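S.K.: Below are the C-alpha cells for one structure; questions will follow.
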Amino acid sequence: MSRKTDKPDDEIYGARALASALPKSHFPGREENPRRIYMAVRDELMLDGNSRQNLATFCQTWEEPEIHDLMDACIDKNMIDKDEYPQTAEIEARCVRMLADLWNAPEGPATGCSTTGSSEAAMLGGLAMKRRWETRRKAQGKPTDKPNLVTGPVQVCWHKFTRYWDVEHREIPMENGRLLMTPEEVLKLCDENTIGVVPTLGVTFTGEFEPVKAVSDALDALERETGLDIPIHVDGASGGFLAPFCAPELEWDFRLPRVRSINASGHKFGLAPLGVGWVMWREESDLPEEMVFWVNYLGGDMKDIALNFSRPGGQIVCQYYNFLRLGREGYAKVHGACYDSAAYLARELAAMGPFEIVFDGDRSRGIPAVSWKLKEGLETGFTLFDLADRLRVRGWQVPAYTLPAHCEDQAVQRILVRNGVSRDLCAMLLEDIRSALAHVDAHPRKTPLGEDDASGFHH
C-alpha cells in the first residue's frame with residue numbers, strides 16, 4: 001500500500017522519499033527528512049569503492065581520529081578571514097615558518113602561504129618567476145612577449161600554468177633509457193626568454209626524483225659563461241615532505257641558492273586531509289609585490305597571496321597538528337615504513353616473472369612508489385590494462401597507463417605506498433596480483449584491453 005506522506009517513525013527504506021529514484025537533473029521542489037536523504041546519498045557513495053585500496057592516488061586516505069575531530073571543529077572557519085579567525089591565521093603562519101626551517105631557507109622572514117593544493121602552489125611559483133623575468137626584461141629594454149618554461153615530464157598543473165599565462169612550455173620528452181630531466185637536456189632548451197626551470201621531486205609517472213642539484217650546478221655554469229641567471233622552482237608536491245626525513249643528505253631545497261621557490265602538497269606525504277598545498281619563496285624579494293593583495297573589507301587589512309580566496313581552514317589546522325604530533329622523528333618513522341613496504345612490493349613483483357621494475361621505491365632516488373612494465377619480448381595473452389581491470393574485481397585500483405611523448409608505446413603500472421598501506425595490506429595485494437595473473441594466463445583475451453578501456457570512469 002502506498003502513502004502520499006511519510007510518518008516520523010517510518011523506517012528509512014519504507015519511507016515515501018526513498019520509494020523512487022532521487023532527482024538527477026531537476027531541482028527538487030520539496031524538503032525531505034534529513035536522515036533519509038543522508039542515507040540515500042551515503043548509499044550512492046558506496047559506488048566510489050574503498051579509498052584505502054586506491055593505490056593510484058598520491059593523497060592521504062587514512063587519518064588519525066583526532067584529525068577527524070579537528071576537521072569537524074573547523075568546518076566553519078574560512079582561512080581567508082584572518083580578522084575573524086586570528087588563531088587559525090596564526091597557525092598558518094607557524095606552518096610557513098616551520099616549512100622554511102624544514103626546507104633550509106635563509107634566516108629572515110619566512111615568505112609563503114597555504115593553498116588549496118599543490119597545483120595552485122605551483123602556479124603561484126611559476127607566476128612569480130614570470131613576473132620577475134618580465135621586470136628584468138623591461139629594465140633592460142627588452143621584449144617580454146616570448147617567455148618559456150623548461151620542465152621534465154610533469155603533472156598536468158604545469159601544462160595548465162603555461163597555457164593559462166601564455167608561456168611556451170619546453171617539456172623535456174622521455175626517451176628509452178632516460179625518463180627524467182637531465183642537466184644536458186635542460187641546457188639545450190634554456191635561453192634569455194627562460195623564466196625558470198622546474199625539476200620534479202617525485203615524477204608522477206615513475207616516482208623518481210629529478211636531479212635538482214645537478215641541474216642547479218649546470219645553470220650556475222651557464223650563468224658564469226653567458227650571464228643568464230635562470231632560477232629554479234622545485235615541484236616538491238610529493239618529495240617535499242619525504243626527502244627531509246628519509247633522504248636528509250639530498251640537496252634539493254633552499255640549500256641551493258638557485259632554488260628560489262618550492263611547492264608541496266600537505267595532503268600527500270604531508271599527511272594532512274585533502275586539500276592543502278604550500279608554496280615557499282627563498283626570500284621576500286622572490287615574491288613580486290604585484291602578487292600581494294591587501295583586503296580590508298573583512299574586518300582588518302589582510303595580506304592575501306593565494307589565487308583562491310575563500311577556502312577551508314581545517315586542513316591547515318590539521319597540518320599543524322601533524323607537525324606537532326609527529327615532528328621529524330615521527331615523519332621519518334611513518335615514511336620509512338612506507339619505503340620499506342615499497343621495497344617489499346618491488347622484490348615480490350620482480351620475482352613473479354613477467355615484470356621488469358622501472359622504479360623500486362629507493363628512498364634516496366624517489367618517493368615510496370613502485371612502477372613496472374612487462375618484460376620486452378615476453379609473449380603474454382594479456383596487457384597491464386587487463387591486469388588492472390582484473391584487480392578491480394577485488395577492489396584494488398592499480399593504474400596502468402602509457403608514458404608521455406616519445407614513449408607513448410610503453411605501458412607501465414604503479415603503486416603509491418602511503419601511510420595506511422600496511423605490510424599486511426601489501427601481502428594481500430600481492431596474493432591478488434598472483435591470482436589475477438593466473439586468471440589472465442588461463443583466460444587470454446581475444447582482444448587485450450588498451451588504455452581507452454582501462455578506466456572505471458565513463459560518464
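The values are calculated or read from the model by the stated rules, or taken from the named source; none is laboratory data. Quick caveat, the model's predicted, so the values are computed rather than measured. Virtual Cβ from ideal backbone geometry, glycine too; neighbours counted across all protein chains shown.
S.K.: Take G270 and tell me if it is part of a helix (DSSP H, G or I), within 18 Å of G117 (Cα to Cα) and not charged (D, E, K, R). First the steps, then the outcome.
M.R.: Values: part of a helix (DSSP H, G or I): no; within 18 Å of G117 (Cα to Cα): yes; not charged (D, E, K, R): yes.
Criteria not met by G270.
S.K.: Tally the residues that are polar (S, T, N, Q) and either modelled with pLDDT of 90 or more or surrounded by 14 or more Cβ atoms within 10 Å (Cβ to Cβ) (or both), restricting the search to the stretch 16-50. Break it down into steps so the answer makes sense when it comes.
M.R.: So in the stretch 16-50, the residues polar (S, T, N, Q) come out as 20, 25, 33, 50.
Narrowing further to those that are either modelled with pLDDT of 90 or more or surrounded by 14 or more Cβ atoms within 10 Å (Cβ to Cβ) (or both): 25, 33.
Result for the stretch 16-50: 2.
S.K.: Cβ-Cβ under 7 Å, sequence separation 6+ or interchain: first residue in the stretch 420-436 and assigned to a helix (DSSP H, G or I), partner among the acidic types (D, E) and at pLDDT 95 or above. Which pairs?
M.R.: As it stands, the answer is L430/E348, since those pairs meet every condition given.
S.K.: For the stretch 164-217, which residues satisfy the criterion of being acidic (D, E) and within 23 Å of K146 (Cβ to Cβ)? Show your work before the answer.
M.R.: Of the stretch 164-217, the ones acidic (D, E) are 166, 168, 171, 175, 184-185, 191-192, 208, 210, 217.
Within the stretch 164-217, D166, E168, E171, E185, D191, E192 qualify.
S.K.: Another question about this same structure. Please work out which one of (1) within 23 Å of the chain's Cα centre (by Cα); (2) closer than 14 Å to G313 by Cβ; (3) of a type outside the set (S, T, N, Q); (4) not in a helix (DSSP H, G or I) is the condition D83 fails and give its number.
M.R.: (1)
S.K.: Counting just the residues of the stretch 86-118 that are closer than 21 Å to M291 by Cα and assigned to a loop (DSSP other than H, G, I, E, B), which one comes out farthest from the chain's Cα centre (by Cα)?
M.R.: G108
S.K.: Considering only residues that are touching a residue at least 24 places away in the same chain (Cβ under 8 Å) and aliphatic (A, V, I, L, M), look in the stretch 357-383 and name the one that is surrounded by the most Cβ atoms within 10 Å (Cβ to Cβ).
M.R.: From the stretch 357-383, those touching a residue at least 24 places away in the same chain (Cβ under 8 Å) are 358-359, 361, 363-374, 378, 380-383; that's our starting set.
Then drop every residue that is not aliphatic (A, V, I, L, M), which leaves 358, 367, 369-370, 374, 378.
Values: V358: 21, I367: 33, A369: 29, V370: 31, L374: 18, L378: 10.
Here the residue is I367.
S.K.: Tell me, yes or no, whether the stretch 326-334 has at least one residue that is outside the structural domain of E251 (by TED's automatic domain parsing), charged (D, E, K, R) and buried (at least 19 other Cβ atoms within 10 Å of the Cβ).
M.R.: Within the stretch 326-334, not a single residue is outside the structural domain of E251 (by TED's automatic domain parsing), charged (D, E, K, R) and buried (at least 19 other Cβ atoms within 10 Å of the Cβ).
S.K.: Can you find a residue in the stretch 341-361 that is at positive phi and either outside any loop (DSSP other than H, G, I, E, B) or touching a Leu at 6+ places or on another chain (Cβ under 8 Å) (or both)?
M.R.: Yes, some residue in the stretch 341-361 is at positive phi and either outside any loop (DSSP other than H, G, I, E, B) or touching a Leu at 6+ places or on another chain (Cβ under 8 Å) (or both).
S.K.: Tell me which residues, restricted to the stretch 196-237, are part of a loop (DSSP other than H, G, I, E, B) and farther than 12 Å from I262 by Cα. Before you say what the answer is, go through the steps one by one.
M.R.: Let us first name the residues in the stretch 196-237 that are part of a loop (DSSP other than H, G, I, E, B), namely 199, 202-207, 210-211, 227-231, 236-237.
Within the stretch 196-237, G202, V203, T204, F205, T206, G207, E210, P211, G227, L228, D229, I230 qualify.
Residues are listed down the side, and each one gets a yes or a no for (1) in contact with a Lys or Arg (Cβ under 9 Å, 6 or more places away or on another chain); (2) over 30 Å from Q315 (Cα atoms); (3) touching a residue at least 60 places away in the same chain (Cβ under 8 Å):
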| residue | (1), (2), (3) |
| --- | --- |
| E134 | no, yes, no |
| D145 | no, yes, no |
| N148 | yes, yes, no |
| H159 | no, no, no |
| E171 | no, yes, yes |
| L180 | no, yes, no |
| E184 | no, yes, no |
| L189 | yes, yes, no |
| T200 | no, no, no |
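S.K.: Shifting gears a bit: Quick one: would you say W103 is of a type in the set (F, W, Y) and in contact with a Pro (Cβ under 9 Å, 6 or more places away or on another chain)? It would help to see each step written out before you state the result.
M.R.: Numbers: of a type in the set (F, W, Y): yes; in contact with a Pro (Cβ under 9 Å, 6 or more places away or on another chain): yes.
Yes.
S.K.: Go through the stretch 248-273 and give me each residue that's crowded, with 18+ Cβ neighbours inside 10 Å, of a type outside the set (S, T, Y) and farther than 24 Å from L189 by Cβ.
M.R.: Matches in the stretch 248-273: L250, F254, A264, G266, H267, K268, F269, G270, L271, A272, P273.
Residue by residue, here is whether (1) in the same structural domain as K268 (by TED's automatic domain parsing); (2) over 28 Å from L180 (Cα atoms); (3) at pLDDT below 95 holds:
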position: K82; (1), (2), (3): yes, yes, yes
position: M98; (1), (2), (3): yes, yes, no
position: L102; (1), (2), (3): yes, no, no
position: A105; (1), (2), (3): yes, no, no
position: A128; (1), (2), (3): yes, no, no
